[in-house]
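The values are calculated or read from the model by the stated rules, or taken from the named source; none is laboratory data. Keep in mind the model is a prediction, meaning the values are calculated, not measured. Every residue, glycine as well, gets a Cβ built from its backbone with ideal geometry; the counts of neighbours run over all protein chains shown. Protein only, heavy atoms only, side chains kept; ligands, DNA and RNA dropped before computing areas. Shrake-Rupley method; radii C 1.70, N 1.55, O 1.52, S 1.80 Å.
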Amino acid sequence: MLSRPRSMIARAARVFATLWLAAMVAVAGSVNAFAQNVPVVRDAEIEALVRDYARPIFKAAGLSNDAIDIVLVNDQSFNAFVAGRRLFINTGALMEAETPNEIIGVIAHEAGHIAGGHQQKLREQLERAKTMAIIATLLGAGAIVAGATTNSRGLAGAGMGVAAGGGEMAQRSILAYQRTEEMTADRSAITYLNATGQSGMGMLKTFGRFQSALSLSGAQVDPYRISHPMPQERIANLEVLVKQSPYVDKVDPPALQQRHDMMRIKIAAYMGGQAAASRLMRKNPGSLASQYGLAQTTYLYGNLAAALSKTNALIKAQPKNAYFQELRGDILMKANKPKDASEAYAKAVSLDPARSGLLPVSYGQALMAIGTPDSLEKAVVQINKGLARDRENVAGYRYLAQANGELGKIPAADLATAEGHFYSGDYRNAKIFAMRAQQKLKRGEPGWLRAQDIINYAPPGKKK
Ligand SMILES: [Zn+2]
């Protein structure tokens, strides 16, 4: 299930507009705090697909894929950037891309930035630019004050001019720096695409689209376009490199394209609504992706029995697809059949090649809904399994606390609540619940030790 904006684990709705700011905050050390300001959505299927896109590229770039988390950002605009160890990608970017290759190209370009160590340099550059801007502002403000005291409009105007000029100077310095970095990242991207036998056409298409969109006075400005200036010269250089590649005409494998189509329809169905999904389905009516879209829109906006029969047909077509089983589980949960749902989720967990932490948590929720002491015990096992794979799933701790609470295991419930607060960045409440858990736990046992870690934790930049 793709968690929708209302129910998602995301916190505030503020999105960073540019890569500059993102890189700055992330490099400053508080990636966790940064993530809290991004409307994150979680979905096992999409996360697995984007990781499959990124894996060969990161390997070619000499970056360890294990170390990189995929973070889906619920935003309709186009953006993708790397901050710290995370690859952030907007659902809007995934929706816009017609082929996997378009996204893979963007990932290759971003990998070029990481491998080139651009984040660190960017931060230094920003520091310098900021200093320049501050000096310019001070000069401007001084002139304005002078103008005000002599009651001269002319001088005040001059002051404004100085301020604007300084900002422009700082901006120009960033742009000059960026141009070099962007072309370096483009070249690296082509190297990685060649190494993995993939075409650069998707990247060229995406970047070309940004360039042409610049000439229009668009209502919506994509953050990616602001952070990635696309002058004619850059596109022209890129085009030469792309067309020189022996893989220029290589297309994505059909199975990957199918997963991509299913992902786009899913995002459309959950984020854009029935009409958005129908628009995509009309392009390829008989396809499996369209059937998937229809099952999902029927589940979300229509009849559960009809959704179930459509999903069963999908399962028949692809019996090993973990996410069809997951959808079946979601439908059965909504239909208030937790026992059947738990069986579907159990299959989803066992079929999932990506070993997502989300599916065992869904399985655990279904077991909780059954509500017997035995199923609650099993729920705790499954939710813990999910959390072991995915430590920062805040919603998972909430369910874990609830399941333990219903079993009368109060210290374990308190510890789970502490963890949930901890990973959502609420260290104060995390400590309160960790201390409460410790009072009832045996000194030195694993739960007690974990509680102690939370109590001892000092957030970056703050005193304990
Ligand atoms: Zn770039």
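Using each residue's phi in segment 404-412, evaluate 6.51 cos²θ - 1.76 cosθ + 1.60 at θ = phi - 60° and report the 3J(HN,Hα) Karplus result to the nearest Hz, with x for Gly and Pro.
For segment 404-412, the Karplus-derived couplings read 5, x, 5, 7, x, 8, 5, x, 5 Hz, x marking Gly and Pro.
Just to verify a number: what accessible area does Lys283 come out at with the full protein assembly present, 1.4 Å probe, Å² rounded to tens?
Lys283 has an accessible surface of roughly 150 Å² with all protein chains in place.
Report the label-to-label distance for Asn336 and Glu377 in nanometres (one decimal), using points 7 Å from each Cα along the Cα→Cβ vector.
Roughly 2.9 nm, to one decimal.
If the viscosity is 1.306 mPa s and the temperature 10 °C, what Stokes-Einstein diffusion coefficient in µm²/s follows for segment 307-361 when Rh is the Kirkwood radius over Cα pairs? List each step's numbers first, then the result.
Details: Rh = 10.9 Å.
Estimated diffusion coefficient is 146 µm²/s.
Amide H to amide H, which residues 5 or more places from Val73 or on other chains are under 5 Å from it, using H placed in the peptide plane?
Distant-sequence amide H within range of Val73: Val41, Ile89, Asn90, Thr91.
What is the calculated FRET efficiency for Asn284 to Ala458, with r their C-beta to C-beta distance and R₀ = 45 Å, to the nearest 0.05?
Numbers: r = 53 Å, r/R0 = 1.19.
The computed FRET efficiency comes out at 0.25.
Rounded to whole Hz and in sequence order, give me ³J(HN,Hα) for segment 289-297 from the Karplus expression 6.51 cos²θ - 1.76 cosθ + 1.60, θ = phi - 60°, writing x for Gly and Pro.
4, 5, 5, 5, x, 5, 4, 6, 5
Of the listed pairs Lys409/Lys442; Lys347/Lys385; Lys283/Lys320; Lys385/Lys440, which have alpha-carbon separations greater than 19 Å here? Could the numbers behind the result be given before it?
Working: Lys409/Lys442 14 Å; Lys347/Lys385 15 Å; Lys283/Lys320 26 Å; Lys385/Lys440 24 Å.
Flagged as over cut-off: Lys283/Lys320; Lys385/Lys440.
First measure r as the distance between the Cβ atoms of Gln232 and Gln274, then evaluate 1/(1 + (r/R0)^6) with R0 = 41 Å and state the FRET efficiency to the nearest 0.05. Walk me through the numbers before you get to the answer.
Numbers: r = 40 Å, r/R0 = 0.99.
It comes out at approximately 0.50.
What nm distance separates the two modelled labels at Arg209 and Met435, each placed 7 Å from Cα along Cα→Cβ?
Result: 5.3 nm between the two label points.
How many percent of the accessible area of segment 344-413 is carbon or sulfur, using a 1.4 Å probe?
Values: 1570 of 2940 Å².
C and S fraction of accessible area: 54 percent.
Just subtract the alpha-carbon distance of Ala369 and Arg187 from 0.36 nm times their residue separation and send over the number in nm, one decimal. Let's see the in-between values first.
Values: separation 182, 0.36 × 182 = 65.52 nm, distance 5.29 nm.
Working it through step by step, the gained length comes to 60.2 nm.
Given Cα pairs under 8 Å that are at least 6 residues apart, what percent is the relative contact order of segment 415-461?
Values: 48 pairs, mean separation 17.3, N = 47.
Reported relative contact order: 37 percent.
Compute, for segment 314-464, the length of the dipole vector about the Cα centre, with Cβ point charges of +1 (Lys, Arg) and -1 (Asp, Glu) only. Units Debye, rounded to 20.
Numbers: 24 positive and 15 negative charges, 78 e Å.
The dipole magnitude comes to about 380 debye.
Extension gain Arg85-Ala195, at 0.36 nm per residue separation less the Cα-Cα distance, in nm?
Numbers: separation 110, 0.36 × 110 = 39.60 nm, distance 2.27 nm.
Gain on stretching Arg85 to Ala195: 37.3 nm.
In percent, what relative contact order does segment 307-405 have, based on Cα pairs under 8 Å that are 6 or more apart in sequence? Each step should come with its number before you reach the end.
Numbers: 134 pairs, mean separation 20.2, N = 99.
Relative CO of segment 307-405 lands at 20 percent.
Is the shape of segment 348-442 rounded, prolate or oblate, going by the alpha carbon gyration tensor and its root eigenvalues a ≥ b ≥ c, with a/c under 1.5 for rounded and a/b larger than b/c for prolate? Intermediate results must be reported in sequence, preceding the final value.
Numbers: a/c = 2.58, a/b = 1.37, b/c = 1.88.
Note, shape of segment 348-442 comes out oblate.
Which percent of Cα-Cα pairs in segment 346-400 sits in each 10 Å bin, short to long?
Going out from 0 Å in 10 Å bins, segment 346-400 shows 30, 55, 15, 0 percent.
Could you give each residue of segment 92-100 its phi-based ³J(HN,Hα) in whole Hz, using Karplus coefficients 6.51, -1.76, 1.60 with θ = phi - 60°, and x for Gly or Pro?
Whole-Hz 3J(HN,Hα) from phi for segment 92-100: x, 5, 5, 5, 6, 6, 7, 10, x.
When only Cα pairs under 8 Å and 6 or more residues apart are kept, what is the percent relative contact order across segment 272-322? Each step should come with its number before you reach the end.
Numbers: 32 pairs, mean separation 13.8, N = 51.
The normalised contact order for segment 272-322 reaches 27 percent.
Rounded, prolate or oblate for segment 264-358? Axes are the square roots of the Cα gyration tensor eigenvalues, ordered a ≥ b ≥ c, and the cut-off for rounded is a/c under 1.5.
prolate
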